[in-house]
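The values are calculated or read from the model by the stated rules, or taken from the named source; none is laboratory data. This structure is a prediction, so every number in the text was calculated from the model and none was measured. Cβ atoms come from the backbone with ideal geometry, glycine included; neighbour counts cover every protein chain shown.
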């Protein structure tokens, strides 16, 4: 069932609300003997941390992770790894209004419809704050797949896309947008700042590439690598679309254009002349880079009034005060990377379970 | 783990290869007392059946389903429902060549890399023939959600899209493309036929709508309705992208454009003035129609030679003879509908488990 | 959830009712490349088959298994293995009375209370006929653990126990009771025959030993090897008790008596001087033989009238006509062996998933 | 997979080592709206708490539970409930010796064999300290089944059994042994104290009864109520045997003795004239009290030297110093009750998922 658990062998569960005392993750099924300390996790949390530029929320969270179990003398023991992050900046007063009326685009109404009531403080369980737990768990997952290199970046904000010809991976960490195109990053400064000043918000497209994945991970038919990635990415707050490889563009190609021709390579492995498939065929990795694209909708919390109804069913308008990201997609980058790591770590162990080390 | 099982409460598992004696599905967790006979399943299989027009493969399969268990005196008993479809048209000779070389775009190489060898006859387990099992299981799922209306249609073939202004649901079953736009259907006849004559293939986009879903189905955080739908759709052969609601287009909207404003409605339920969200917020249904779009790549089996390598690692060219769909997306329509039904039936029971009937 | 599925990596699901057209099992997660034909499974089914002596039911079933998927050119492919056994001897007339009144000790009333109605023919899904599916799946499981030797035997029937001093493994297959004590087997002939003539039935105790299990299988805390074995055995029809190692007798020992002292052994592995623990400590195998004891209640189907109520709630008496085993525990032996194999195969793969081959 | 998770709908996962900073449980799938505060959990932890008499370990743990998530304004929200208990009394010095040599009867060797190393402080993950997390989770489970009354008691210590004729439920909480027979409790004082003074330990048998369980919980075939209970109980530290109803004694009855005759009762429900079955038939509850018996081996930690080997494979003797329970079965009582509650809460929701509210 696992309402709040993801994965098959390398599994993680998250818990916690935006304004409760803490949030956390429990990682189960991690192989024993891997070196792990808080210092291995913290940099990933810092990358996701709010308050680092004016293009993200100015809410501040220390986001310091504690390992409460599963590590002994600096190595994983094979038992559950409990990770906890205390919530330090909880300004409940900012959120008092949302107790009464539903914010369109948020989970407010859906939670009330499902559960009868909800923890309305900062979005409660539906807050993107939960993604910090994923990022912490993802840092552990990376230890399981040391030969895999994962990186994500923003390719589009508010409809303004990067120029693929200007793609420069070394630029990604040089700007507050995780943008691989220096010129686009420049343009986005104004774009995002304008949206912020307008009290509005923007959507974004994030791309994630994992190289070093060997051929053979993923399993037919309902544990396919692409199916798992789709579930993983779609579970992230604000995500509305997922593409593998060429995605929707593949639907516009002819068969011969979409084929990834193969040539003999080294050590018996073929070389592929293209990667329309995004590194996955029949749900199984081919040895090419695994490539996923994710669409983030614009932040639902905006200062522009939207028509809504109250819990009592009366017409109202709502404005979501508080300190919000003008573009949630930006801080989605480390979350996307974490989900990629979590899926791949799980699939590696799943493959090993059935087929041995290979 | 469940390599070949999907679902949490209402679960189905499929088995069988393209050219084995039979394929089948086992449905577990179905509520007891629902009227069910083979005649309730057969029409859905007939809709998916090959050989119904020149725009689909001319391979012929009777696709007659047998219920082997779980039904007594015409009603489901609550025990596993075993469904079997015998494979009748197995021309193994058509496939002898693929034993030697890998067909780009197919799972051939990935299966070999994973398992060390593969059942190469007709794609074996990776064949789209498996989707017949899903369609059969999906017919059972529909019994669990009698108040939900599900229908899918093709909105685009080979880059040629329907005109939304011409959308007419009553047209969908009037043409061999499940196309809701009569003019587009006309154009596609030539488009698909040309591709077929060229020995090429085309991709497609399918849209699926489920109306009548009450608010409250789906569950945070890793059993979200949209996450489950993404996994379900991405597990279908040839699918490379999934969108919920506006999907990637939402990434190009501003927050106030993407909001679905709410107004007071009847019986305490709000009315939404838009449905950018595709009926899902925070992973939970809102009571609006659930809307999913799916990208199918062009059929990988084409008569145009593609560069490849043999199992022994030598360079070669391959042409996939046999009787193939020039556009697999078309016959994907009943499969998409089945997956929608399967996810929703499961989520209904999952919701009932935690929250009661409501 | 998996109402009808057992296992974590090596999983099997069973379907089918006593008097439906067929019963079957689907095995998922089996490693690829293992040689498998029907002839590898049939001997195990023959061992369980009814009608082989007057001490078991005289009902006759051919119990011929067919492999419908998952095997290609004589080897497992890694995809689901579908196993089907047709039901050939269905004398529905024998069971017409049970439609009206509940047989005490059977699942009749419980099924009606749960599902609202039931397939009353031969016990439907609750019939011990289902165990044929387990035996078939268990034969596949044995291929996964070729170095493990599993055998079970009856130690007690109707309160008459074997003399441990007379234990002779080579006797087990020399009598119709799977009894390792030749003298006890002699006594049981009369005991069981008398019970049969009286229209009564007897309980039994079965012991199962698996040697060759390496140290390290099983996992804390809710996938413990002993916990899995307990669940597996208790799921068999008519089982009411499970013991690991000394079981309840351990509760009567003092700590120093119950300790299994260790001495240095070969190749760095310790030698144990006793095996009170039954080969499991902390839920993980120790390298000693894994030992389980299982209590079977007497067959509930007897010719002696028992007070009961009808479906309409009226007082009645019931006699269960038909051809029943006077002691179900006897035919439980191959089922117990199958469950042992299924649990160990699963735990081997589970261990490999987390800890590698080792 | 769920190495450290138990349950299907109402699931709980535990984490933490004996001498780490804390232990905890995450409860997922709990219905929303149930009143819950720390005060609802604490009494159950206090019942299990060490240091309450000289018959249990004199180690002292405050065992104060904190709810970190899943509760808002005093009610469960339907999201994960994170429970944490800090470890306060960690005298690591007591355990330094066990780092070098394996304690027979403990998981030391098995953990090393599985994981390559282990957290040896106080048994690490294999310590019975983990059961505090279960007791905390069990307290939440009880809220889900308010109409079910669960109580357990010790029926036997060191082979000295209670006299069933003297059974008096009101005595259970009047002595430090949870003993329902006042005279047996008297005898046990000397028995347990003698064992403690000898540096030895004793086993025990615990019985648990749940009344108020309606007919219909549990599900064929691998989610049977008795199978789940067996798994749950066998997962508790030191448990070596589980019986449902008459258990092994049923194997010594004849069919007519073991039948539970039925008579018409009130409101259409039958009355049973006996309960040999322990309230379960065909894996489904019958409406009678559910009855389970559990065998606890004697505590493995004793002051009497036992032969063992060191990690380096050399012969040695070991004595387990420290403050240990002379009879772990005693403090097993609240743990058994917790597991009963956890299984029943889960089965209630599982039944509701498939069959609705009933």
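Structural remarks
- Selection status of residue D:182, touching a helix residue (DSSP H, G or I) at 6+ places or on another chain (Cβ under 8 Å), surrounded by fewer than 16 Cβ atoms within 10 Å (Cβ to Cβ), more than 14 Å from chain C (Cβ to nearest Cβ) and under 23 Å from residue D:294 (Cβ atoms): yes
- Residue within segment C:66-80 that is within 26 Å of residue B:9 (Cα to Cα), crowded, with 19+ Cβ neighbours inside 10 Å and within 13 Å of chain D (Cβ to nearest Cβ) present: no
- Here residue A:123 meets the list (1) closer than 22 Å to residue B:254 by Cβ; (2) modelled with pLDDT of 95 or more; (3) surrounded by 17 or more Cβ atoms within 10 Å (Cβ to Cβ) almost entirely, failing just condition (2).
- Condition check for residue B:267: more than 30 Å from residue B:324 (Cα to Cα) and at pLDDT below 95: yes
- Within segment C:2-17, being within 7 Å of chain B (Cβ to nearest Cβ) and either under 13 Å from residue C:350 (Cβ atoms) or in contact with a helix residue (DSSP H, G or I) (Cβ under 7 Å, 6 or more places away or on another chain) (or both) holds for C:8, C:9, C:11, C:16, C:17.
- Residue selection: residue A:332 satisfies the criterion of being outside any strand (DSSP E or B) and either touching a strand residue (DSSP E or B) at 6+ places or on another chain (Cβ under 6 Å) or within 30 Å of residue B:3 (Cβ to Cβ) (or both).
- Looking at C:274, C:230, C:250, just one residue is outside any helix (DSSP H, G or I) and either without any contact (Cβ under 8 Å) to a residue 24 or more places away in the chain or in contact with a helix residue (DSSP H, G or I) (Cβ under 7 Å, 6 or more places away or on another chain) (or both), and that residue is C:274.
- Of all residues in segment D:2-16, those being within 22 Å of residue C:353 (Cβ to Cβ) and part of a loop (DSSP other than H, G, I, E, B) number 5.
- Check on residue A:201, closer than 28 Å to residue B:203 by Cα, facing chain B (nearest Cβ under 7 Å) and touching a helix residue (DSSP H, G or I) at 6+ places or on another chain (Cβ under 7 Å): no
- All positions within segment D:310-329 that are in contact with a helix residue (DSSP H, G or I) (Cβ under 8 Å, 6 or more places away or on another chain) and in contact (Cβ under 8 Å) with a residue 24 or more places away in the chain: D:311, D:318, D:320, D:321, D:322, D:323, D:325, D:326, D:327, D:328, D:329
- Scan of segment B:142-200 for residues that are touching a strand residue (DSSP E or B) at 6+ places or on another chain (Cβ under 8 Å), part of a helix (DSSP H, G or I) and farther than 25 Å from residue A:250 by Cα, ordered by number: B:142, B:143, B:169
- From the list A:255, A:313, the lone residue that is over 25 Å from residue A:145 (Cα atoms), within 8 Å of chain B (Cβ to nearest Cβ), touching a strand residue (DSSP E or B) at 6+ places or on another chain (Cβ under 8 Å) and at pLDDT below 95 is A:313.
- Residue C:117, sole failed condition from (1) outside any loop (DSSP other than H, G, I, E, B); (2) free of Cβ contacts under 8 Å to residues at least 24 places away in the same chain; (3) within 14 Å of chain D (Cβ to nearest Cβ): (1)
- Hey, residue C:207 within 26 Å of residue A:8 (Cβ to Cβ) and either within 14 Å of chain D (Cβ to nearest Cβ) or touching a helix residue (DSSP H, G or I) at 6+ places or on another chain (Cβ under 8 Å) (or both) or not: no
- When residue A:299 is tested against (1) without any contact (Cβ under 8 Å) to a residue 24 or more places away in the chain; (2) buried (at least 19 other Cβ atoms within 10 Å of the Cβ), exactly one condition is not met: (1).
- Residue in segment A:236-243 that is outside any loop (DSSP other than H, G, I, E, B), more than 7 Å from chain B (Cβ to nearest Cβ) and more than 18 Å from the chain's Cα centre (by Cα) present: no
- Within segment B:27-43, being within 20 Å of residue A:222 (Cβ to Cβ) and part of a strand (DSSP E or B) holds for B:27, B:28.
- Among the candidates D:24, D:20, the residue that is in a strand (DSSP E or B), more than 27 Å from residue D:219 (Cβ to Cβ) and in contact (Cβ under 8 Å) with a residue 40 or more places away in the chain is uniquely D:24.
- Of all the listed residues (A:326, A:298, A:289, A:261), the sole one being facing chain B (nearest Cβ under 7 Å) and under 23 Å from the mean Cα position of the chain (by Cα) is A:298.
- Scanning segment B:187-198 for residues that are away from chain A (no Cβ under 14 Å) and under 12 Å from residue B:161 (Cα atoms) yields a count of 1.
- Scanning segment D:13-25 turns up no residue that is surrounded by fewer than 20 Cβ atoms within 10 Å (Cβ to Cβ), within 18 Å of the chain's Cα centre (by Cα) and farther than 30 Å from residue A:116 by Cα.
- One residue stands out among those in segment D:26-41 that are within 21 Å of residue D:331 (Cα to Cα) and out of contact with any strand residue (DSSP E or B) (no Cβ under 6 Å at 6 or more places or on another chain): the one that is surrounded by the fewest Cβ atoms within 10 Å (Cβ to Cβ), which is D:39.
- Residue check, residue C:223 touching a residue at least 24 places away in the same chain (Cβ under 8 Å), surrounded by fewer than 24 Cβ atoms within 10 Å (Cβ to Cβ) and at the interface with another protein chain (Cβ under 7 Å from one of its Cβ atoms): no
- For segment D:319-327, the condition holds for no residue, the condition being that it is modelled with pLDDT of 95 or more, outside any loop (DSSP other than H, G, I, E, B) and surrounded by 17 or more Cβ atoms within 10 Å (Cβ to Cβ).
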